[in-house]
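Here the structure is laid out as structure tokens; the discussion comes afterwards.
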Amino acid sequence: MRAFLKKDVLVYWRDRKQNIFSLVIPLILIVVLGLLLPNWIENPTSTLQLKAAMVVHDNEAAGLEQFQSSLKSRGLPDEEAAVLFELAALSPPVSLLNDMLKSDQIVSMVEWVELDEEAALRRLQSGEIQAIVTLPEDFTLHILNKTLLDEGNGAAISLTSDDPSIEVGVLQGIIEGFTQQFNASSAIAHAGTHSAVTLNQEAVLPSIGGVETIEGVRVLTSFQYFTLAVGAMFAMYVAANSANKAITEKREHVFQRILLSGSHPLTYLAGKIVATLMMSLLQLTLVILICHFVLDLFPGYSLEFWLGFSLLMMMMCLIVAALGGLFTAAMFRMNANTANAIIQALLLIIGVIGGNFAPIYILPDAVQQLWEWTPNGLWLSTMIQWIQQESWEAAINGMLGLSAFIIAIIALSVWTFPKRGRI
């Protein structure tokens, strides 16, 4: 097989035009789609539907009273203490968050239920809800202390979910957007407090402010999604390209000469599969690395993340290699034009269903249900879960499913590929 592998790699390497095209075009598409359609991933339209629970351990009224008492115990001048409490009373953080989460725009996407923690976890496990947003005890007091007095570490909003879907990612993005604005405004509010006291003017707290952190799944960005989706799509076209090169070898009777040399027919097929694996791995790696360094796709991610990411990349390339074997077998079994038309149609169909051309959530419900029944869709779904949660359980389950696809496709390739005397 080594000689056939060398032959195929050299054939690929000499096709410089095709290699450049396979690298440059996906990079252009990723940049264009990421810039023109940023809201398709981070802030999708109201077609998304999610049911979530709000668990509030904080007592806002008690928090305001505690904050007022702490102002008195600090020995602050009455005027300054009055201004600080007025600022706190005008825009308490829990009310601000509730107003944002229960606005018409958010409610059109998220159905909220207020539960205690035990009931919320029970419904999450049963699948009745998809996420839980939790505000801890003394949330109001800690936020006001950080916002207005610059003391303490603020508080954390916790997002819990067993389903790292696009909908949950959207909810995380909504909350993260709130906290980012909160962070920016808090500095203004804190700086404006002293000037308001000095000038004896009415001070108004910005509509948002404070310091918080988000716990839960990461937000998937548009550039991350389109890098994976477009990169995988063009990697699958490496399999089609491999089959197209087999047309020339069939026409020029290269395969017949190989058989006359005494080589087993499957060694020829194995050479095609391994060469496709190598070329798809090279192409997909280059696309992702270039996008990572140019677009800063995964800043500050851990070594463990990159290990899982690399394993999943290899699984995608094994899928492509298996498809390369199947497409090559089809080229030898059928008329070249007919086989090529079927291959292109198949790639188009699984590309649409698998979310490679557009985010899956904008497609009809019937198509969404088929997402993970395609190898590329299952890979993209697993990759999204890995980026959002770094869950080895989800990654291993995805790799097991992909392994089943690989074994089935290779078995079909071997069964379909013509044996001696049947070409």
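None of the figures in this text is laboratory data; all of them are computed from the coordinates on show. The shown structure was predicted, so the numbers you read here are calculated from the model rather than taken from an experiment. All Cβ positions, even for glycine, are placed from backbone atoms using ideal geometry, and neighbour counts span all protein chains on display.
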Length added when fully stretched, PHE357-SER158, from 0.36 nm per residue minus Cα-Cα: 68.3 nm
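If Lys and Arg each add +1 and Asp and Glu each add -1, what is the summed charge of the other residues whose beta carbon sits under 12 Å from the beta carbon of VAL107?
-1
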Fully extended contour minus Cα-Cα distance, from SER95 to LYS17, at 0.36 nm per residue: 22.1 nm
Neighbour-count ranking [beta-carbon atoms within 10 angstrom, fewest first] of LEU36, LEU284, LEU144: LEU36, LEU284, LEU144
Integer Hz, Karplus 6.51/-1.76/1.60 couplings in order for the range 271-282, x for Gly and Pro: x, 5, 5, 5, 5, 5, 4, 5, 6, 5, 5, 5
Taking TYR301, TYR237 and counting other C-beta atoms within 10 Å, the order from fewest to most: TYR301, TYR237
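Would you please give the FRET efficiency between GLU304 and SER403, computed as 1/(1 + (r/R0)^6) with r the Cβ-Cβ distance and R0 = 25 Å, to the nearest 0.05?
Calculated transfer efficiency: 0.70.
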ASP78-THR416 pseudo-label distance in nm [points 7 Å out on the Cα-to-Cβ vector]: 8.8
Nitroxide proxy distance, nm - points 7 Å out along Cα→Cβ at GLU117 and VAL367: 4.3
Shape of the range 365-411, Cα gyration tensor, a/c cut at 1.5: oblate
Inter-label distance, nm, simple model (7 Å from Cα along the C-beta direction), ILE28/SER108: 3.6
